[in-house]
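Data block below; observations after.
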Amino acid sequence: MQWKILLTDGLAAISDEALLAKVDLVDKKGISAEELLEVIGDYDALIVRSRTKVTEAVFAAGKNLKIVGRMGVGVDNIDLQAAKAHGVAVVNAPVATTVSVAELTLGLMLSLIRGIPKADAGLKAGQWLKKELVGTELYQKTLGVIGYGHIGEAVAKRALAFDLKVIAYDPVRPAAEVQASGASPVDLDTLLAQADLITLHIPHTPASHYLLNAKAFAKMKPGVRIICAARGGVIEEAALLDALNSGKVAGAALDVYETEPPGDSPLAKHPLVVGTPHIGAQTAEAQLRAGYDIVSEVVAGLDKKPLRWRVA
């Protein structure tokens, strides 16, 4: 039997012939919300990225829907309560993009402290900005990692190679595990007070919404730098803009925004902000891993086999 699976945001090529023999992958990349409601009833499973919103209406219309897969980590675009109510499993691919996001985080960090984007833009414009571009080192600075899952730990591992001191806050991860990886577990207030650089690796949930707000910025060191390749909404952008303008925050490097694309956002255009367009998972290797991981996990669910990455 072939399971009929709808793809709404594309999928990297899969070479596993045995896996492909089990599925009929129907690619409707860019499908509208209205059309999704019209066709979802014909499918056993749905695989999405962050663009597609899997709402209660989608679950209600999916009369044959058994499982939804999110190609990536965050599932904030999927109504998990509705999934449970309709008896539909939700899975993700939490490890496929770990290396790519961790490497981008370090790239953002280095770009921020050394002014690499400004140096490059100046050179291309015929400017020699050597005297203006006095940066700072990562060496012996303190990096605060908020969220110590797969990605947070991968960032810490790479940061330790730069001789950064790593402190980490995670309300779920056992302190002994954090310590065993080379980081020091701390509470959030301690992290905010001690870190020279703060990087976030948490999902956007009601509990994490605006985790970094005006009160949080007030607790930080003067001249702190913020890096976020997690999810928009975990930082209150208006508060970050104020902190940049006041000098409390010396710079920010952002791959994610409250609204994407951010449009005419004064934060995205700020001279102290290094910005990228949500490219954390956008590497060829990550996409290949994510495609295979999510299809194999969805098929396991359809075949009623044990699941590695069920989130609902």
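The values are calculated or read from the model by the stated rules, or taken from the named source; none is laboratory data. Since the model is a prediction, treat every value here as computed from it, not as a measurement. Here Cβ is always computed from backbone atoms with ideal geometry, including for glycine, and neighbour counts include all displayed protein chains.
A quick yes/no check of all residues on (1) surrounded by fewer than 18 Cβ atoms within 10 Å (Cβ to Cβ); (2) touching a residue at least 40 places away in the same chain (Cβ under 8 Å); (3) under 19 Å from the mean Cα position of the chain (by Cα):
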{"position": "L11", "(1), (2), (3)": "no, yes, yes"}
{"position": "K22", "(1), (2), (3)": "yes, yes, no"}
{"position": "L25", "(1), (2), (3)": "yes, yes, no"}
{"position": "L37", "(1), (2), (3)": "yes, no, no"}
{"position": "T52", "(1), (2), (3)": "no, yes, yes"}
{"position": "A102", "(1), (2), (3)": "no, yes, yes"}
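When you check G135 against the structure, is it crowded, with 22+ Cβ neighbours inside 10 Å and in a loop (DSSP other than H, G, I, E, B), yes or no? Don't jump to the end; show me each part of the working.
Working: crowded, with 22+ Cβ neighbours inside 10 Å: no; in a loop (DSSP other than H, G, I, E, B): yes.
So G135 fails the test.
Scan the range 217-231 and give yes if some residue there is under 21 Å from the mean Cα position of the chain (by Cα) and surrounded by fewer than 21 Cβ atoms within 10 Å (Cβ to Cβ), otherwise no. Reasoning before the result, please.
Looking only at the range 217-231, we keep the residues that are under 21 Å from the mean Cα position of the chain (by Cα), and these are 225-231.
With the extra rule that they be surrounded by fewer than 21 Cβ atoms within 10 Å (Cβ to Cβ), the set shrinks to none.
No - not one qualifying residue is present in the range 217-231.
Restricting attention to the range 181-197, does a residue exist that is surrounded by fewer than 18 Cβ atoms within 10 Å (Cβ to Cβ) and either in a strand (DSSP E or B) or not assigned by TED's automatic domain parsing to the domain that holds T136 (or both)?
yes
Residues checked against (1) outside the structural domain of K269 (by TED's automatic domain parsing); (2) not polar (S, T, N, Q):
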site	(1), (2)
A82	yes, yes
T105	no, no
L143	no, yes
R158	no, yes
L164	no, yes
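Given the residues V172, V178, which is the only one that is farther than 23 Å from V249 by Cβ, modelled with pLDDT of 95 or more, surrounded by fewer than 14 Cβ atoms within 10 Å (Cβ to Cβ) and within 21 Å of the chain's Cα centre (by Cα)?
On the way: V178 fails: surrounded by fewer than 14 Cβ atoms within 10 Å (Cβ to Cβ).
That would be V172, the only listed residue that is farther than 23 Å from V249 by Cβ, modelled with pLDDT of 95 or more, surrounded by fewer than 14 Cβ atoms within 10 Å (Cβ to Cβ) and within 21 Å of the chain's Cα centre (by Cα).
Can you give me the number of residues within the range 22-57 that are assigned to a loop (DSSP other than H, G, I, E, B) and out of contact with any His (no Cβ under 9 Å at 6 or more places or on another chain)? Full working, then the answer.
Of the range 22-57, the ones assigned to a loop (DSSP other than H, G, I, E, B) are 22, 28-32, 43-44, 49-53, 55.
Next, only the ones that are out of contact with any His (no Cβ under 9 Å at 6 or more places or on another chain) stay: 22, 28-32, 43-44, 49, 51-53, 55.
The qualifying residues number 13.
Return the residues of the range 279-295 that are crowded, with 18+ Cβ neighbours inside 10 Å and either free of Cβ contacts under 8 Å to residues at least 12 places away in the same chain or out of contact with any strand residue (DSSP E or B) (no Cβ under 6 Å at 6 or more places or on another chain) (or both); say none if nothing qualifies. Let's see the steps before the verdict.
Keep residues of the range 279-295 that are crowded, with 18+ Cβ neighbours inside 10 Å, which gives 280-281, 286-287, 289-295.
Passing the criteria: G280, A281, A286, Q287, R289, A290, G291, Y292, D293, V295.
Give me a count of the residues in the range 82-130 that are part of a loop (DSSP other than H, G, I, E, B), at pLDDT 95 or above and under 27 Å from L46 (Cβ atoms).
So the count comes out to 3.
Give the residue that is farthest from L11 (Cα to Cα), with candidates limited to residues of the range 75-97 that are touching a His at 6+ places or on another chain (Cβ under 7 Å) and surrounded by fewer than 19 Cβ atoms within 10 Å (Cβ to Cβ). Break it down stepwise before answering.
Residues of the range 75-97 that are touching a His at 6+ places or on another chain (Cβ under 7 Å), as a first pass: 76, 94-95.
The next check asks that each one be surrounded by fewer than 19 Cβ atoms within 10 Å (Cβ to Cβ); those that pass are 76, 95.
On the way: D76: 19, V95: 16 Å.
So, considering only residues that are touching a His at 6+ places or on another chain (Cβ under 7 Å) and surrounded by fewer than 19 Cβ atoms within 10 Å (Cβ to Cβ), the one farthest from L11 (Cα to Cα) is D76.
Criterion first (in contact (Cβ under 8 Å) with a residue 40 or more places away in the chain and of a type in the set (D, E, K, R)) does D44 satisfy it? Can you show your working first?
Values: in contact (Cβ under 8 Å) with a residue 40 or more places away in the chain: yes; of a type in the set (D, E, K, R): yes.
Taking the combined requirement at face value, the residue satisfies it.
Got at least one residue in the range 159-166 being surrounded by fewer than 17 Cβ atoms within 10 Å (Cβ to Cβ), of a type in the set (G, A, S) and under 27 Å from G72 (Cα atoms)?
Here is the first cut: in the range 159-166, the residues surrounded by fewer than 17 Cβ atoms within 10 Å (Cβ to Cβ) are 160-163.
Next, from what is left, pick out any that are of a type in the set (G, A, S): 161.
Within this subset, residues satisfying the condition of being under 27 Å from G72 (Cα atoms) are 161.
The answer is yes; a qualifying residue exists.
If V68 satisfies every condition in (1) assigned to a loop (DSSP other than H, G, I, E, B); (2) touching a Phe, Trp or Tyr at 6+ places or on another chain (Cβ under 9 Å) but one, which is the exception?
(1)
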